[in-house]
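> Questions regarding the structure given below will be posed in turn.
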């Protein structure tokens, strides 16, 4: 459990401070402008992005995605597709969370016929949640690392990600250990995730 909490801290620290526009538009520069730019990578990247897409990242060392202008244009298209799927999975996950919460409430009230449905839906939500998270964490970096002053929807979204990621891990951890903590963690995850989805509309 301590290892999982440490992982949450590392990831969300980079989410909060490493790059301020992870979920923003990737087309902040036109490709024609990008072709004239000197830098192929932004100054700031998530550590997960640097691990794969950095100058000495895995994709560069293996030759799967060499660092040049032509390849970076392709990566930006991949990024756009990955974040589009990330957003779609977010809505699917939120719908699943709400449905699971309703079923879970009935289960706690003694309707044990829904136990299998609750568990199956829980596995589905877990899969869509962590798939969506991976798509954002490991997407190619944008052209530039934008940084806005003050509170923004994107920044609030990342702060809330700290909450719902921690709550999701706690929900899984206490699933068979403590029903009360499992339930509290699940409701926290749903609330934080729903709010994180809504605050993006503030920008």
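> With a 10 Å Cβ neighbour count serving as the proxy for reagent exposure, in which order, fewest first, do 195, 62 appear?
Listed from fewest to most nearby Cβ atoms, that is 62, 195.
> Hey, another quick one. Starting from the 7 Å offset along Cα-to-Cβ, what nm value, one decimal, do you get for the label separation of residue 175 and residue 71?
Distance between label points: 3.8 nm.
> Here is a further query. What's the exposure ranking of 55, 75, going from fewest to most Cβ atoms within 10 Å?
55, 75
> Suppose each label sits 7 Å from its Cα in the direction of the beta carbon; what would the residue 126-residue 43 distance come out to in nanometres?
Once both label points are built, they end up 4.2 nm from each other.
> At a 10 Å Cβ-Cβ cut-off, how would you order 59, 45, fewest neighbours first?
In order of increasing Cβ crowding within 10 Å: 59, 45.
The numbers here are math on the coordinates, done by the rules we state, and not lab data. It should be emphasised that the depicted structure is a prediction, and the values quoted were computed from it without experimental measurement. Reconstructed Cβ throughout: ideal geometry from the backbone, glycine too, with neighbour counts over all protein chains shown.
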